[in-house]
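The values are calculated or read from the model by the stated rules, or taken from the named source; none is laboratory data. This one's a predicted model, so the numbers in the text were calculated from it and none came from an experiment. Glycine also receives a Cβ, built like all others from the backbone with ideal geometry; neighbour counts cover every protein chain displayed. Ligands, DNA and RNA are stripped out before the accessible areas are found, and what is left, the full protein with its side chains, is counted by its heavy atoms. Shrake-Rupley method; radii C 1.70, N 1.55, O 1.52, S 1.80 Å.
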Amino acid sequence: VNAVRDETRSMEERAAQVNEMYELLENYEVKIPSQDAVKKDNLKETREAFAAKVLEAEGQLEQRMPSMAGTLEKSISNLNEDLMSILTSLHTGDYVNPECDPKTVLDKLHGVSETLSTLGEKAEMYKQMQETFHMQAYEFTQLRDTITQYEAKRELWEKLDAFNEAQFAWKTADFKMLDVEEVVKQVHVYHKEVHKMSKRRGGDAVVALFKETVEDFKAAVPVITDLGNTSMQDRHWRKVFDRLEQPFFPGSSFTLETLLSYGALRHAEYINEVSGMASGEYGLEQLLDKIRRSWSDMSFVTINNREQADVWILGGVED
């Protein structure tokens, strides 16, 4: 009806222009063809009939408005009940069970996302209907609150799943090929994020599990860092494996999970000493290599020892 009203105003303006043209022709006594005169009369009758129909429609709208407004309010109430049901479910069952597989929960959350999208579209439609009915706009705070809770749950389970995946990759990769610096960097990022979550949702069992998992791995970071020292050579690894009472085979690969299962954490102090020794030896090797390279291009003059004919000494070493 509102659209018809807008269109009616435009048509009435055009009809008024036609009437003005006909009046102008009559004032100047211009003969109007009979067929045009018939069209003019038909236009008048059509306008009157159309106005009557619009008036009838407006009357019907006025009568039905309370019923339509009531139906709309009922639809909004049903929407809020659906949202409340979703909000309640997000705080029960698998969503709060730390023993659940994150991927299973994420699949269920994907379904929740699709449902919220559908309900959001309904809310937008209801807003447009309220505007059409000239009703006070409803804020749909329940939709906003439910989406906020859904996003918080999704963030938690996504990050827990990502950390589990990363931890598995770190533990099962060839340790000598592992970028330990990057591992340590990511662990610190996860540790910072999970502590923020813990402050916001301290009573959440899933957050508690996530925090415990990250902190357990973070406790191993010092040993991992020492073992990941790029200065470690086979002779150093042999010392470590001897302390762990495990056989070492030069050139063989092993994983972080293997090292941890051998009890590397219990020998953290010794591993730190071996790693420090490796760094010191590497520094000395680098210094000797530098001296070797600097001497490789130097020419040395040798002279015969005056007292022993078969002995030669360096001469001219003042520089």
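Within the stretch 121-151, the set of residues being buried (at least 17 other Cβ atoms within 10 Å of the Cβ) and small (Gly, Ala, Ser) comprises ALA123 only. Of all the criteria given as (1) surrounded by 11 or more Cβ atoms within 10 Å (Cβ to Cβ); (2) at pLDDT 95 or above, the one not satisfied by GLY111 is (1). Note on the stretch 175-198: residues that are open to solvent by less than 60 Å² (accessible area, probe 1.4 Å) and over 19 Å from the mean Cα position of the chain (by Cα) amount to 5.
Quick check, is ARG64 modelled with pLDDT under 70 and either in a helix (DSSP H, G or I) or farther than 26 Å from GLN136 by Cα (or both)? Yes; evaluated as a whole, the condition is true for this residue.
Summed over the stretch 199-217, residues that are within 13 Å of VAL96 (Cβ to Cβ), assigned to a loop (DSSP other than H, G, I, E, B) and either open to solvent by 50 Å² or more (accessible area, probe 1.4 Å) or not acidic (Asp, Glu) (or both) total 2.
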